[in-house]
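Novice: Take this structure first; my questions come after.
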Amino acid sequence: MSTGREPLTYVYAVARRTDRLAVLLAGLRGIDRAPVTLLTEASDSSPAPLAFVTSHVPHEAFNESALRAHFEDLEWLESVARAHHEVVQAVAAEQTVLPLRMATVYQDDDRARQALGEQRSTFARRMAAVDAHTEYGVKIYLPPPAPAEPPAGAPAAEADPAAPTASPGKAYLQRRRVQHRARERTYEQAQRAAATLDAIAARYAVGRVRHAPQSGALTGPQENVLNDAYLVPDEEARDFRAAVAQAAGDFPEIRIEITGPWAPYSFAMPPAESSAPTEGERAP
Amino acid sequence: MSLTDYDEPLPGRQVALVDLLDRLLSGGVVIAGDIVLSIADIDLVRISLRALIVSVRSETASGTAQDGAGHDR
């Protein structure tokens, strides 16, 4: 039935149309291997007009009800997310890019152009704000707590062979105390690490977004307690990374992970309008 | 220690999907497309997706590696 419908226009990002970018995109494929094109708006007469980076997607897969169902399908979601990301990355390698949220879709190119025109000044402001900046992710993980019980089959006395008189109950309590203290130390390190990261951010980053800590088995038994994104001026990136690496070495009981460089996904919206994540202060 | 081995499953030839979804589903410019899943919907989607990731992962883990179940007691 719906197979005859016109394809929809999927928008990956906002960029500036230049000859170099056009050449680069000519070799790129987007979702479903579709060719990627730049849409500009006729009334924008600047030498490098703002453009939507787009491709056509099948109506059957991207109409509202299909999209809703597909969002529950991890395999589909991953393939679209990776295709979206690849296009954004390719543009980011060449120039400033403003990624759009996944699955922004228009009926056709004209409708997309119209939307571009309506938002032109907003986009121009955000492009200027993220120009020559890169996003990095920094996460803190706690190790899984040591098991509370002695290993199955291990005699209780094994914990302290020098004190064979200790009752199993006493030995158990002692073990719990040791374990508790180790946990306290871990939390304490995590707190100090977070404070250190705050200081690093204050020094090098111009923006911070706190994403929700990641849960679920993808992150493993290690508990993710901090999941930040930082917007770092390109000339500070090396020192920022070095400072985070240093912090990772200074707090051996926890794991600090840095991801990126990312296109400025987490900073594409101005702080006030930022939706889900809480955005931190933006230093001038 | 064994728990740690068990969970270094995704050595990074690609960015981790979970990091990507953080950015693609809660970052990026939000403008009204002609086809719009509202922000609230996305959040719901995100929650159910997280659940999906959990279930997918635990299936693979128990399906492929018996010794992987370090936290079963």
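Novice: Only one of A:3, A:54 is closer than 21 Å to residue A:76 by Cβ and modelled with pLDDT of 95 or more. Can you tell me which?
Specialist: A:54
Novice: What's the number of the only condition in (1) in contact with a Lys or Arg (Cβ under 8 Å, 6 or more places away or on another chain); (2) of a type in the set (Gly, Ala, Ser); (3) within 7 Å of chain B (Cβ to nearest Cβ) that residue A:51 fails to meet?
Specialist: Tallying (1) in contact with a Lys or Arg (Cβ under 8 Å, 6 or more places away or on another chain); (2) of a type in the set (Gly, Ala, Ser); (3) within 7 Å of chain B (Cβ to nearest Cβ), residue A:51 fails exactly one: (3).
Novice: Return the pair list, or none, for Cβ contacts closer than 8 Å from residues in region A:77-89 that are closer than 12 Å to residue A:12 by Cβ to residues that are assigned to a helix (DSSP H, G or I) and at pLDDT 95 or above, at least 6 apart or on different chains.
Specialist: Correct list of pairs: A:80/A:31; A:83/A:31; A:83/A:32; A:84/A:31; A:88/A:265.
Novice: Follow-up question, since we're still on this one. Go through region A:141-177 residue by residue and tally those that are at pLDDT 90 or above and under 18 Å from residue A:252 (Cβ atoms).
Specialist: Number of matching residues: 2.
Novice: Additional query: Quick one: is residue A:187 crowded, with 16+ Cβ neighbours inside 10 Å, in the same structural domain as residue A:248 (by TED's automatic domain parsing), within 30 Å of residue A:238 (Cα to Cα) and at pLDDT 90 or above?
Specialist: The answer is no for residue A:187.
Novice: Which ones in region A:256-284 are at pLDDT below 90, in a loop (DSSP other than H, G, I, E, B) and more than 8 Å from every other protein chain (Cβ to nearest Cβ)?
Specialist: A:270, A:274, A:280, A:281, A:282, A:283, A:284
Novice: Restricting to region A:102-114, name every residue that is crowded, with 19+ Cβ neighbours inside 10 Å, in contact (Cβ under 8 Å) with a residue 60 or more places away in the chain and within 12 Å of chain B (Cβ to nearest Cβ).
Specialist: A:103, A:104, A:105, A:106, A:112 - these are the residues of region A:102-114 that are crowded, with 19+ Cβ neighbours inside 10 Å, in contact (Cβ under 8 Å) with a residue 60 or more places away in the chain and within 12 Å of chain B (Cβ to nearest Cβ).
Novice: Give me the pairs, please: first residue somewhere in region A:231-252 and part of a loop (DSSP other than H, G, I, E, B), second residue anywhere and charged (D, E, K, R), beta-carbon distance under 8 Å, and either six or more positions apart or on two chains.
Specialist: A:251/A:192
Novice: Which strands (runs of 3 or more DSSP E) sit wholly inside region A:31-148 and have at least 2 residues that are closer than 30 Å to residue A:222 by Cβ and in the same structural domain as residue A:168 (by TED's automatic domain parsing)?
Specialist: Filter on region A:31-148 gives A:133-142.
Novice: Let me ask something else about it. Give the residue that is surrounded by the most Cβ atoms within 10 Å (Cβ to Cβ), with candidates limited to residues of region A:203-255 that are more than 14 Å from every other protein chain (Cβ to nearest Cβ) and touching a Leu at 6+ places or on another chain (Cβ under 8 Å).
Specialist: Selected residue: A:205.
Novice: Turning to a different aspect of this structure: Restricting the search to region A:240-259, which residues are of a type outside the set (Phe, Trp, Tyr) and under 11 Å from residue A:205 (Cβ atoms)? Write out each step before concluding.
Specialist: Residues of region A:240-259 that are of a type outside the set (Phe, Trp, Tyr), as a first pass: A:241-250, A:252-259.
A:243, A:244 - these are the residues of region A:240-259 that are of a type outside the set (Phe, Trp, Tyr) and under 11 Å from residue A:205 (Cβ atoms).
The values are calculated or read from the model by the stated rules, or taken from the named source; none is laboratory data. Just so we're clear, the structure is a prediction, and the values are computed from it rather than from any experiment. Reconstructed Cβ throughout: ideal geometry from the backbone, glycine too, with neighbour counts over all protein chains shown.
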